[in-house]
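A.B. asks: Okay, here's the structure, questions in a sec.
The values are calculated or read from the model by the stated rules, or taken from the named source; none is laboratory data. For clarity, every value in this text was computed on a predicted model and none was experimentally measured. A quick note on method: Cβ atoms are made from the backbone with ideal geometry, for glycine too, and the neighbour counts reach across all protein chains shown.
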Amino acid sequence: MIKVENVSGGYHQKKVIDNVSFEVKKGEIFGILGPNGSGKTTVLKMLSGQFPVSKGSICINGRSIQDYKIKDLAKKVAVLPQINEISFSYTVKETVKLGRYAYQKGIFPSWKIEDENAVQNAIQLTNISHLADCPLDLLSGGEKQRVFLARALAQEPEILLLDEPTNHLDIQHQISLFDSLNHWVKEKQLTVVAIFHDLNMASLYCSRLLLLNEGKVISLDEPQNVLQEEQLYNVYHTKLIKRQHPNVPTPLITLSPSKGVERDDIFSMLKTKQSRETIIVESSKPLKTLSSAVINSGFSWSKFFTNRHVDMNYNIDDPESELKDYLTTIGIDPTYTVAMMTAARLEDAVFKIIELAQFSLYVVVTAGVSNAVDVSKAYLRTDFVYTPGTINTWIFIDGNLPDSAFVQAMMTATEAKVRAIHENNILDPETKTMATGTSTDSLLIASTQTGYFLEYAGTITPLGRAIGQAVFSATNEAIQKYLRRMGSLS
Ligand SMILES: Nc1ncnc2c1ncn2[C@@H]1O[C@H](COP(=O)(O)OP(=O)(O)OP(=O)(O)O)[C@@H](O)[C@H]1O
């Protein structure tokens, strides 16, 4: 549909676009990204024929844009410019009607029913009917943006060129604009080329992206490949972190403050309180966590970590609500709390510290193994009752871990726990085979995300070795305390 081949151009003697090539398919939403002054608007102006190319060619439907008459090109291509460029005193409806200019013939323009329908449709689609008679100058930035979008749509173009279309829109209107564009793209085979500063909007709605810097193509690909941390750093000179959207297969880019990330002293940050009812670790700063806890499982940022003792017969329909209520009664805000439960005696908790040159670990383990299970034989069981037997393991780290290291830390800690269970010959009481855990074990990895970058936490990495050592010895001791209390160890 659009073919840009080896295009260069600029203002006066200054080359602003340098040998740019890309194609946009019919029915595609194509995004152009790049820092201020990288040439995005100039490329868009070249596509609409407003700005000449000095080298290379631009074709629409196989025909060079230079060969189109102005009105014919205007029927194919509509432009939504940056709205701060525009100021005039028409009403909203008059402004939208300007979109039909290309369809007017002769010196005395005739307004036909098709023109009126196109204007009404555009006004409805952009949700500005209530503003139809308002003077444009009295509208807010976002309202004006929708009016100019309506004007572009009234043109009934095949190609819509949008220069920062979400610039003045609130979140609701940003999403509703691109949801509508998505719909028109599918329904009417509209082709959209849009400039974005918001990388996440581009990632969510564009099938492909063009990343420009200093007028050159840096990357041209699907969002997953264009939105790479290193590539973005080279272009924007800003640290950006790539994550995956929780329920759409696109990347999410998060900003990170540029201030330093000096290593925190985890031992002065954490305060531990232990009673028969609860163990509470309170951190003076939020820690990034990955856990399988009852409250705030998955990833969270939390300041409180609680392990509450409950009776062996604890059996409640909604343990999460009950535990939240409990936390509130003891003055802890559940929003910032990773909370677990156990029937194990909290007096038998084991605390371990490992201090190394690059990072330190603080590990807390409580263990009760009456619910021991051999995972390889668990399919033979018929009981599915939730009983809080449980080995609960907490690992606090003063390092900076990527998500992958959190996952590896969980694997390493689990292996260390299993090894401690085997060390104590704990059997699954049903199958009489060696247990691998209990039916309700929980695990927490909590990290300051400051200090050294700890890229890996597998078993033979420095972090993995420390986790293996601390979790094994803490779990081993906690199991032995439990066995002693139960009278099966002297
Ligand atoms: N009319 C003009 N005359 C001279 N130079 C211009 C003109 N318009 C733009 N430029 C220059 O061309 C370069 C590219 O500008 P362009 O507007 O295409 O960048 P952009 O990527 O759209 O930037 P932004 O993100 O700030 O909107 C800039 O260095 C700019 O100063």
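A.B. asks: Is it true that some residue in region 440-447 is surrounded by fewer than 20 Cβ atoms within 10 Å (Cβ to Cβ) and either within 26 Å of A339 (Cβ to Cβ) or of a type in the set (S, T, N, Q) (or both)?
C.D. replies: No; the residues of region 440-447 include none that is surrounded by fewer than 20 Cβ atoms within 10 Å (Cβ to Cβ) and either within 26 Å of A339 (Cβ to Cβ) or of a type in the set (S, T, N, Q) (or both).
A.B. asks: Turning to a different aspect of this structure: Based on this model, can you work out whether A413 counts as in a helix (DSSP H, G or I), in contact with a strand residue (DSSP E or B) (Cβ under 8 Å, 6 or more places away or on another chain) and surrounded by 17 or more Cβ atoms within 10 Å (Cβ to Cβ)? First the steps, then the outcome.
C.D. replies: Values: in a helix (DSSP H, G or I): yes; in contact with a strand residue (DSSP E or B) (Cβ under 8 Å, 6 or more places away or on another chain): yes; surrounded by 17 or more Cβ atoms within 10 Å (Cβ to Cβ): yes.
Yes, satisfied.
A.B. asks: Of the numbered conditions (1) hydroxyl-bearing (S, T, Y); (2) crowded, with 16+ Cβ neighbours inside 10 Å; (3) in contact with a helix residue (DSSP H, G or I) (Cβ under 9 Å, 6 or more places away or on another chain), S284 satisfies every one except a single condition; which is it?
C.D. replies: Result: S284 fails condition (2) only.
A.B. asks: Within region 70-93, track down each residue that is farther than 19 Å from L190 by Cα and either at pLDDT 90 or above or β-branched (V, I, T) (or both).
C.D. replies: I70, I83, I86, T91, V92, K93
A.B. asks: Return only the number of the condition from (1) farther than 14 Å from F396 by Cα; (2) among the aliphatic types (A, V, I, L, M); (3) under 36 Å from the mean Cα position of the chain (by Cα) that V471 does not satisfy.
C.D. replies: So the condition that V471 fails would be (1).
A.B. asks: Then there is this: Is it the case that L290 is within 30 Å of E222 (Cβ to Cβ), out of contact with any His (no Cβ under 8 Å at 6 or more places or on another chain) and crowded, with 20+ Cβ neighbours inside 10 Å?
C.D. replies: Answer is yes for this residue.
A.B. asks: Within region 336-359, restricting attention to residues that are modelled with pLDDT under 95 and polar (S, T, N, Q), which residue is nearest to the chain's Cα centre (by Cα)?
C.D. replies: Going through the qualifying residues, I end up with Q358.
A.B. asks: Residue pairs, Cβ under 7 Å, 6 or more apart or interchain, first in region 41-57 and free of Cβ contacts under 8 Å to residues at least 24 places away in the same chain, second within 11 Å of the ligand (Cβ to nearest atom). List them.
C.D. replies: K45/F51
A.B. asks: Within region 157-173, count every residue that is more than 16 Å from the ligand (Cβ to nearest atom) and modelled with pLDDT of 90 or more.
C.D. replies: Of the residues in region 157-173, 5 are more than 16 Å from the ligand (Cβ to nearest atom) and modelled with pLDDT of 90 or more.
A.B. asks: How many residues are surrounded by fewer than 17 Cβ atoms within 10 Å (Cβ to Cβ), modelled with pLDDT of 95 or more and outside any loop (DSSP other than H, G, I, E, B) if we restrict to region 448-482?
C.D. replies: Residues meeting the conditions: 3.
A.B. asks: What do you reckon, is H237 in the same structural domain as P81 (by TED's automatic domain parsing), within 16 Å of the ligand (Cβ to nearest atom) and at positive phi?
C.D. replies: Judged against the criteria, H237 is a match.
A.B. asks: Another one. When both residues are 6+ apart or on different chains and their Cβ atoms are under 7 Å apart, which pairs have a first residue that lies in region 154-176 and is assigned by TED's automatic domain parsing to the domain that holds P81 and within 12 Å of V193 (Cβ to Cβ), and a second that is among the hydroxyl-bearing types (S, T, Y) and modelled with pLDDT of 90 or more?
C.D. replies: That search, which allows pairs on different chains as well, returns E158/T191; I159/T191; L161/S48; D163/T41.
A.B. asks: Another question, if that's okay. Being among the aliphatic types (A, V, I, L, M), more than 15 Å from T342 (Cβ to Cβ) and surrounded by 14 or more Cβ atoms within 10 Å (Cβ to Cβ) narrows it down to one residue among I266, I279, I295; which is it?
C.D. replies: Only one candidate passes the filter, namely I266.
A.B. asks: So in region 237-284, with the set limited to residues that are assigned to a strand (DSSP E or B) and β-branched (V, I, T), which one is farthest from T366 (Cα to Cα)?
C.D. replies: Keep residues of region 237-284 that are assigned to a strand (DSSP E or B), which gives 240-244, 251-255, 270-274, 278-284.
With β-branched (V, I, T) added as a condition, the list becomes 241, 253-254, 272, 278-281.
Values: I241: 35, I253: 38, T254: 36, T272: 14, T278: 11, I279: 10, I280: 13, V281: 14 Å.
Going through the qualifying residues, I end up with I253.
A.B. asks: If a residue has to be in contact (Cβ under 8 Å) with a residue 40 or more places away in the chain and part of a strand (DSSP E or B) to count, how many in region 58-88 make the cut?
C.D. replies: 7
A.B. asks: Yes or no: region 72-79 includes at least one residue that is within 15 Å of the ligand (Cβ to nearest atom), within 33 Å of the chain's Cα centre (by Cα) and of a type outside the set (V, I, T).
C.D. replies: Checking region 72-79: not a single residue is within 15 Å of the ligand (Cβ to nearest atom), within 33 Å of the chain's Cα centre (by Cα) and of a type outside the set (V, I, T).
A.B. asks: Please state which one of K26, K15 is in a loop (DSSP other than H, G, I, E, B) and out of contact with any helix residue (DSSP H, G or I) (no Cβ under 9 Å at 6 or more places or on another chain).
C.D. replies: Going through K26, K15 in turn, just one is in a loop (DSSP other than H, G, I, E, B) and out of contact with any helix residue (DSSP H, G or I) (no Cβ under 9 Å at 6 or more places or on another chain): K26.
A.B. asks: Then there's this: What number of residues within region 185-230 satisfy the criterion of being within 23 Å of M1 (Cα to Cα) and in contact (Cβ under 8 Å) with a residue 12 or more places away in the chain?
C.D. replies: Of the residues in that region, 31 qualify.
A.B. asks: When the residues of region 1-60 are filtered to those that are of a type in the set (K, R) and more than 13 Å from the ligand (Cβ to nearest atom), which remaining residue is surrounded by the fewest Cβ atoms within 10 Å (Cβ to Cβ)?
C.D. replies: Start the filter on region 1-60 by keeping residues that are of a type in the set (K, R), which leaves 3, 14-15, 25-26, 40, 45, 55.
Subsequent filtering for residues that are more than 13 Å from the ligand (Cβ to nearest atom) retains 3, 25-26, 55.
On the way: K3: 15, K25: 11, K26: 13, K55: 13.
This residue is K25.
A.B. asks: Between a residue in region 11-27 that is assigned by TED's automatic domain parsing to the domain that holds L220 and any residue that is hydroxyl-bearing (S, T, Y) and more than 10 Å from the ligand (Cβ to nearest atom), which pairs come within a Cβ distance under 7 Å, given they are 6 or more apart or on different chains?
C.D. replies: That search, which allows pairs on different chains as well, returns K15/S8; I17/S8; D18/S8; N19/S8; V24/T191; K26/T191; G27/T191.
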